[in-house]
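Asks: Sharing a structure below in structure tokens format, with a few things to ask.
The values are calculated or read from the model by the stated rules, or taken from the named source; none is laboratory data. On a predicted model such as this, the values are computed, not experimentally measured, just so you know. No Cβ is skipped: glycine too gets one built from the backbone with ideal geometry, and neighbour counts run over all protein chains shown. Heavy atoms of the whole protein, side chains included, go into the accessibility calculation; ligands, DNA and RNA do not. Shrake-Rupley method; radii C 1.70, N 1.55, O 1.52, S 1.80 Å.
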Amino acid sequence: MNGSPYTGVIVGVRADEEGSRSKERVFSARDEKSEWDASTQPPELWNQYKTDFAPGTHVRIHPLLEWTELNIWEYIERENIPIINLYFDQGNGKRYRSLGCFPCTAPVDSVARNPKEIIEELTSGKFKDIAERSGRAQDKDGGGTLEALRKEGYM
Amino acid sequence: MQRLNIVITGHVDHGKSTLIGRLLADTDSLPQGKLESVKKMCENNARPFEYAFLLDALADEQKQGITIDSARVFFQSKKREYIIIDAPGHIEFLKNMISGASRAEAALLLIDAKEGVAENSKRHGMLLSLLGIKQVAIVVNKMDLVNFSEIAFTKLKVEYSEYLATLGIKSDIFIPISAREGVNLIEHSASTPWYKGPTVLEILDSFKSVEEKENDDFRMPLQDVYKFTRDNDDRRIYAGTVTSGELNVGDEVVFYPSLKRSKVASIESFNTEVKTSVKESEAVGFTLQTQIYVRNGDVVARADQSAPKVSNRFEANLFWLGAKPLELDKPYKIKIGSAQSTIYLEEIKRVIDGDTLDRADEPSVGRHEAACVIFRVHDLLAMELFAENQKLGRFVIVDEYDIAGGGIITEVLEQYTTRRTKALHVNSVLVDKASESTEFEEELFALLRKHFPHQFN
Ligand SMILES: Nc1nc2c(ncn2[C@@H]2O[C@H](COP(=O)(O)OP(=O)(O)O)[C@@H](O)[C@H]2O)c(=O)[nH]1
Ligand SMILES: [Mg+2]
């Protein structure tokens, strides 16, 4: 995001996705160097967020931080939101549960073909206890990789 | 499924992360393979397995062995879903602990049976009371280190109860456990045959969700007024999130502190069926039968129900997290509901710290201290006592760019009218003039729109 004219970006990360994301704030400020330091973040109390920023600050806003994977699918189902079909069974009994770049994302075994079936899978079915991002390579390697990426300014 | 936010507090190393890790493992709430992979990681690095590693996901933390921020974990009992906030016990991270605790509806406070009551056992107890968290259970951990002795447990219980009494907290829930060994977490253990009270999971399931509380009177902090200009549409939509109660089309509403009033003409919502009524926690917009000019931050109430209080002075319990101390007569920003104003610290009644509890005659409130104080506000604000309305009875203070403190209103005081505030009053008159001129502009604009509609499409 460096060098762009924007001073903020709204991102859909959620606390339930992965360890370092569970430590994010709803309004997360990055300094000029785009760095993120979990230990010096100002507090967010109740529903009062950090909304004052020094000039030059870049802000990440995470309105869905408290949502869960299930909440997302329930919302997609309720509001009839169109989504890319890679999230559904590709005809070979495989679908993507989480999407990143080509080499680092792997599909999961699933025959869910629509949001309703995905909700079923998440609430009582096979994915009840399996992490959403288990198909993502960068979360492995001792767990520190995604945190390192966030420090360097990735989302 | 119902959800409850709980926070686990207590002194560093007293076993908070272990307790949560063990609860996750014993209730099958961990993602498949997580326990095994963390165990394997420990084996590979030739270090003993700790349940805490399940939570302390940040690589930095595992090196230092302490929790840096309030991690949130999800966990499920037969009764409901929990969001557990694992609060760091280390003093430097107090502000994160408070961020965590401020979202909580209930708390567990851990005390190490062997080490006994420590500085943060007291400080966290006090902060929980300041944050208004009433549902607190004290968990006496590491009972294995004192041979599960009932005498040791009772001694600690008496000591800490006495401390809690000085804070005005009455908690008779004390649970002897061993987090690491899983004693009295889910089921009663043979190690403590003398203990007949609830287990940790039983006590969690017994806590009440804030949402379960009965309805209060209608309140909605006004977030914004939306105006439309296309096609002669002159609707003004008053928007916000309902913090309590219910509002119906036809109800008379009053805006505070301006005291302007009108009747609800319609309830507007996007992409839904026509609504005639809205209730707590819904984000809504409504139109009024007459066009009135009010400010963002005003609190909307129903004319047939109780009114919020209006003043520019109040007494509060406050905790301070800012790098610079909170000083008398210096301008800060207050954010309460959706209102903002300039605020001045008028008096420090007493400063409370974890140990001594009461220090009078302090010139400022330092970092990590709590205090009972009086504030005066530049503008009149609608406010409520925290005990009567949590959402409109709490506030944050912004110093420069960051939230530097938070507090709860314990008393609304008489308005400031002595000569010392004359200057303040002149200022707020100026502010009123400024807002009148925008009202004038808006009226002029409405008039122009009415007579020259083609100019506005
Ligand atoms: N003997 C014993 N040790 C425990 C128990 N619970 C936690 N510990 C140990 O106490 C240390 C600190 O625990 P941790 O959960 O990190 O504490 P925190 O700082 O409060 O989160 C770790 O080495 C744990 O293994 C217990 O019930 N018995
Ligand atoms: Mg810990």
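Asks: Name the single residue that is modelled with the lowest pLDDT among those in the range B:65-81 being open to solvent by less than 40 Å² (accessible area, probe 1.4 Å) and part of a loop (DSSP other than H, G, I, E, B).
Replies: The qualifying residue modelled with the lowest pLDDT is B:68.
Asks: Is at least one residue of the range B:176-199 assigned to a strand (DSSP E or B) and not hydrophobic (A, V, I, L, M, F, W, C)? Working first, answer last.
Replies: Going through the range B:176-199, the residues assigned to a strand (DSSP E or B) turn out to be B:176, B:178, B:183.
Remaining after also requiring not hydrophobic (A, V, I, L, M, F, W, C): B:176, B:178.
Yes, because at least one residue in the range B:176-199 is assigned to a strand (DSSP E or B) and not hydrophobic (A, V, I, L, M, F, W, C).
Asks: Also, I was wondering about something else. Name the single residue, out of those in the range A:64-85 being within 12 Å of chain B (Cβ to nearest Cβ) and assigned to a loop (DSSP other than H, G, I, E, B), that is most open to solvent (accessible area, probe 1.4 Å).
Replies: Here is the first cut: in the range A:64-85, the residues within 12 Å of chain B (Cβ to nearest Cβ) are A:65-71, A:74, A:78-81.
Filter again for assigned to a loop (DSSP other than H, G, I, E, B), leaving A:65-68, A:80-81.
On the way: A:65: 3, A:66: 58, A:67: 77, A:68: 19, A:80: 131, A:81: 68 Å².
Filtering first and then ranking leaves A:80.
Asks: Take the residues in the range B:270-290 that are surrounded by 15 or more Cβ atoms within 10 Å (Cβ to Cβ) and within 22 Å of residue B:338 (Cα to Cα); name whichever of them is nearest to the chain's Cα centre (by Cα). Walk me through it before giving the result.
Replies: Taking the range B:270-290 and keeping what is surrounded by 15 or more Cβ atoms within 10 Å (Cβ to Cβ), we get B:275, B:278, B:280, B:282, B:284-288.
From the residues that got through so far, the ones that are within 22 Å of residue B:338 (Cα to Cα) too are B:278, B:280, B:282, B:284-288.
Numbers: B:278: 24, B:280: 17, B:282: 19, B:284: 22, B:285: 25, B:286: 27, B:287: 31, B:288: 32 Å.
Restricting to residues being surrounded by 15 or more Cβ atoms within 10 Å (Cβ to Cβ) and within 22 Å of residue B:338 (Cα to Cα), the top hit is B:280.
Asks: While we're on this one: Out of (1) within 11 Å of ligand 2 (Cβ to nearest atom); (2) modelled with pLDDT under 85; (3) charged (D, E, K, R), what's the single condition that is false for residue B:28?
Replies: Every listed condition holds for residue B:28 apart from (1).
Results for (1) among the acidic types (Asp, Glu); (2) touching a Gly at 6+ places or on another chain (Cβ under 8 Å); (3) more than 16 Å from ligand 1 (Cβ to nearest atom), shown as yes or no for each residue.
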{"site": "B:112", "(1), (2), (3)": "yes, yes, no"}
{"site": "B:124", "(1), (2), (3)": "no, yes, no"}
{"site": "B:147", "(1), (2), (3)": "no, no, no"}
{"site": "B:155", "(1), (2), (3)": "no, no, yes"}
{"site": "B:181", "(1), (2), (3)": "yes, no, no"}
{"site": "B:185", "(1), (2), (3)": "no, no, no"}
{"site": "B:197", "(1), (2), (3)": "no, no, yes"}
{"site": "B:220", "(1), (2), (3)": "no, yes, yes"}
{"site": "B:223", "(1), (2), (3)": "no, yes, yes"}
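Asks: On the given criteria, is residue B:117 in contact with a Phe, Trp or Tyr (Cβ under 6 Å, 6 or more places away or on another chain) and within 18 Å of residue B:10 (Cα to Cα)? Explain how you work it out, then say what you get.
Replies: Numbers: in contact with a Phe, Trp or Tyr (Cβ under 6 Å, 6 or more places away or on another chain): yes; within 18 Å of residue B:10 (Cα to Cα): yes.
Criteria met by residue B:117.
Asks: Would you mind stating whether residue B:43 is more than 27 Å from residue B:134 (Cα to Cα) and near ligand 1 (Cβ under 7 Å from one of its atoms)?
Replies: Values: more than 27 Å from residue B:134 (Cα to Cα): yes; near ligand 1 (Cβ under 7 Å from one of its atoms): no.
So residue B:43 fails the test.
Asks: Continuing with this model, one more query. Can you name the condition, by its number, that residue B:84 falls short on among (1) at pLDDT below 70; (2) out of contact with any Asp or Glu (no Cβ under 6 Å at 6 or more places or on another chain)?
Replies: The number of the failed condition is (1).
Asks: So, one more: Got at least one residue in the range B:103-116 being open to solvent by 30 Å² or more (accessible area, probe 1.4 Å), within 14 Å of ligand 2 (Cβ to nearest atom) and either of a type in the set (D, E, K, R) or at pLDDT below 70 (or both)?
Replies: The answer is no, given that none of the residues of the range B:103-116 is open to solvent by 30 Å² or more (accessible area, probe 1.4 Å), within 14 Å of ligand 2 (Cβ to nearest atom) and either of a type in the set (D, E, K, R) or at pLDDT below 70 (or both).
Asks: Does the range B:368-379 hold any residues that are among the aliphatic types (A, V, I, L, M) and modelled with pLDDT under 95, and which are they? First the steps, then the outcome.
Replies: Within the range B:368-379, the first condition is being among the aliphatic types (A, V, I, L, M), and the residues that meet it are B:370-371, B:373-374, B:377.
Hits for the range B:368-379 are B:370, B:371, B:373.
Asks: Say whether the condition of being modelled with pLDDT of 95 or more, surrounded by fewer than 21 Cβ atoms within 10 Å (Cβ to Cβ) and in contact with a Ser or Thr (Cβ under 8 Å, 6 or more places away or on another chain) is met by at least one residue in the range B:124-144.
Replies: yes
Asks: Does residue B:36 fit the bill of being modelled with pLDDT of 75 or more and more than 12 Å from ligand 2 (Cβ to nearest atom)? Let's see the steps before the verdict.
Replies: Numbers: modelled with pLDDT of 75 or more: yes; more than 12 Å from ligand 2 (Cβ to nearest atom): yes.
For residue B:36, the condition - modelled with pLDDT of 75 or more and more than 12 Å from ligand 2 (Cβ to nearest atom) - is met.
Asks: Considering the range B:158-197 alone, what residues qualify as being open to solvent by 50 Å² or more (accessible area, probe 1.4 Å) and within 14 Å of residue B:112 (Cβ to Cβ)?
Replies: B:159, B:180
Asks: Looking at B:30, B:23, B:19, which one is closer than 15 Å to residue B:76 by Cβ and either more than 13 Å from chain A (Cβ to nearest Cβ) or in a strand (DSSP E or B) (or both)?
Replies: Numbers: B:30 fails: either more than 13 Å from chain A (Cβ to nearest Cβ) or in a strand (DSSP E or B) (or both); B:19 fails: closer than 15 Å to residue B:76 by Cβ.
Every option except B:23 fails the conditions.
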